[in-house]
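K.L.:
Please read through the structure below; I'll follow up with questions.
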Amino acid sequence: MWWLLVPVAYLVGTFPSAVLVARANGVDIREVGSRNPGASNVTRVLGWRCGMWVFALDAAKGGLAAGAGLIVAGRPAGYVLGGAAIVGHVFPVWNHFRGGKGVATGGGVFAVLSPVVFVVLVALWFLISQLTKKASLASLVSIVLLPIGVGIVRQQLWEVVATIVLSMLVMTRHLGNIKRLVTRREHALT
């Protein structure tokens, strides 16, 4: 019966945090910077304060969906509903299926499902992003380390596999960033 919540979790994921925060500051975030409606682009264009608001709102979408899954039917439902929120963020029906990259929303999912791993990876993300000024590099490192962290902390093969699947979804949204990193043309965070 909890499967009926999958479309709801998807719709929660479509909430356009970056677009609304940027619009409140007089900017159409889909037309400036990298044009990506996500926390990193908002940070580049409008500063850390606005970027943190977007990160918090996007993480809340994932956390809400994963938390609802945990409450209703346990960890498998947490992964499925959290995954639906990530898909909603990445492919929102309201914006021609062109959304953000899923890092913050995925972060919210794992803040609920594996909070220790989340805290370590957020600290690592901030360290890498400050040292390199490349949010995408920090995100990519976190995405790669996420399944390893889940494997160490949770020690459940199915959770590691589910984490790899969600990480691959987010990773595919970073292919352009990977190309720009390799050619040293990636956008600086600030």
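K.L.:
Which of rounded, prolate or oblate describes region 1-100 when judged by the alpha-carbon gyration tensor and an a/c cut-off of 1.5?
P.N.:
prolate
K.L.:
Moving on. Straight-line reach from Lys133: which aspartates and glutamates have Cα under 15 Å away, leaving out those fewer than 8 places along the same chain?
P.N.:
Glu186
K.L.:
Report, in whole Å, the centroid distance computed from the Cα atoms of region 70-86 and region 90-144.
P.N.:
Here the two parts' Cα centres lie 18 Å apart.
K.L.:
Something else now. What's the angle, to the nearest 10 degrees (0 to 90), between helix 48-73's Cα axis and the longest principal axis of the chain?
P.N.:
Orientation of helix 48-73: about 10 degrees from the principal axis.
K.L.:
Calculate the length of the line joining the C-alpha centroid of region 158-190 to that of region 10-28, in whole Å.
P.N.:
Cα centres, region 158-190 to region 10-28: 22 Å.
K.L.:
Using a simple spin-label model with points 7 Å from Cα along the Cα→Cβ vector, what separation in nm is obtained for Val72 and Val182?
P.N.:
Using points 7 Å along Cα→Cβ, the separation is 4.1 nm.
K.L.:
A further question follows. In percent, how large is the relative contact order of the chain, given Cα pairs closer than 8 Å and 6 or more residues apart? Display every interim value, and only then the final one.
P.N.:
Details: 302 pairs, mean separation 38.0, N = 190.
Rounded, it is 20 percent for the chain.
K.L.:
I need the peptides 127-136, 110-119 ranked by packing, meaning the mean over residues of other C-beta atoms within 10 angstrom, with the highest value on top.
P.N.:
Numbers: 127-136: 17.1, 110-119: 19.7.
Result, highest mean first: 110-119, 127-136.
K.L.:
With only Lys, Arg, Asp and Glu charged, each at its Cβ (+1 for the first two, -1 for the last two), find how big the charge dipole of region 1-152 is about the Cα centre; round to the nearest 20 debye.
P.N.:
Values: 11 positive and 3 negative charges, 56 e Å.
So the magnitude is around 260 debye.
K.L.:
Report, to the nearest 10°, how far helix 115-132 tilts away from the longest principal axis of the Cα atoms in the chain, using its own Cα long axis and a range of 0 to 90°.
P.N.:
With rounding to tens, the tilt is 20 degrees.
K.L.:
Pulled fully out, how much extra length does the chain show between Val144 and His96, if you take 0.36 nm times their separation in residues and subtract their Cα-Cα distance? If you can, show how the numbers build up before the last one.
P.N.:
Details: separation 48, 0.36 × 48 = 17.28 nm, distance 2.83 nm.
Computed gain between Val144 and His96 is 14.4 nm.
K.L.:
Taking the Cα centre of region 1-78 as origin, sum charge times position over the Cβ atoms of Lys and Arg (+1) and Asp and Glu (-1), and report the length of that vector in debye to the nearest 20.
P.N.:
On the way: 7 positive and 3 negative charges, 20 e Å.
Computed about the Cα centre, the dipole is about 100 debye.
K.L.:
Would you kindly state how much longer the chain becomes between Arg49 and Leu127 on full extension, computed as 0.36 nm times their sequence separation minus their alpha carbon distance, in nm to one decimal?
P.N.:
Numbers: separation 78, 0.36 × 78 = 28.08 nm, distance 1.75 nm.
Full extension from Arg49 to Leu127 adds 26.3 nm.
K.L.:
Sticking with this one: Which shape class applies to region 80-190: rounded if a/c is under 1.5, otherwise prolate when a/b exceeds b/c and oblate if not, where a ≥ b ≥ c are the square roots of the Cα gyration tensor eigenvalues?
P.N.:
On the way: a/c = 1.88, a/b = 1.18, b/c = 1.59.
Cα axes put region 80-190 in the oblate bin.
Read-outs throughout are calculated quantities, based only on the coordinates presented, and are distinct from any laboratory measurement. Note that the coordinates shown come from a computational prediction; the quantities given were computed from them, not determined experimentally. Methodologically, a virtual Cβ is constructed for each residue, glycine included, from the backbone with ideal geometry; neighbour enumeration extends over all protein chains shown.
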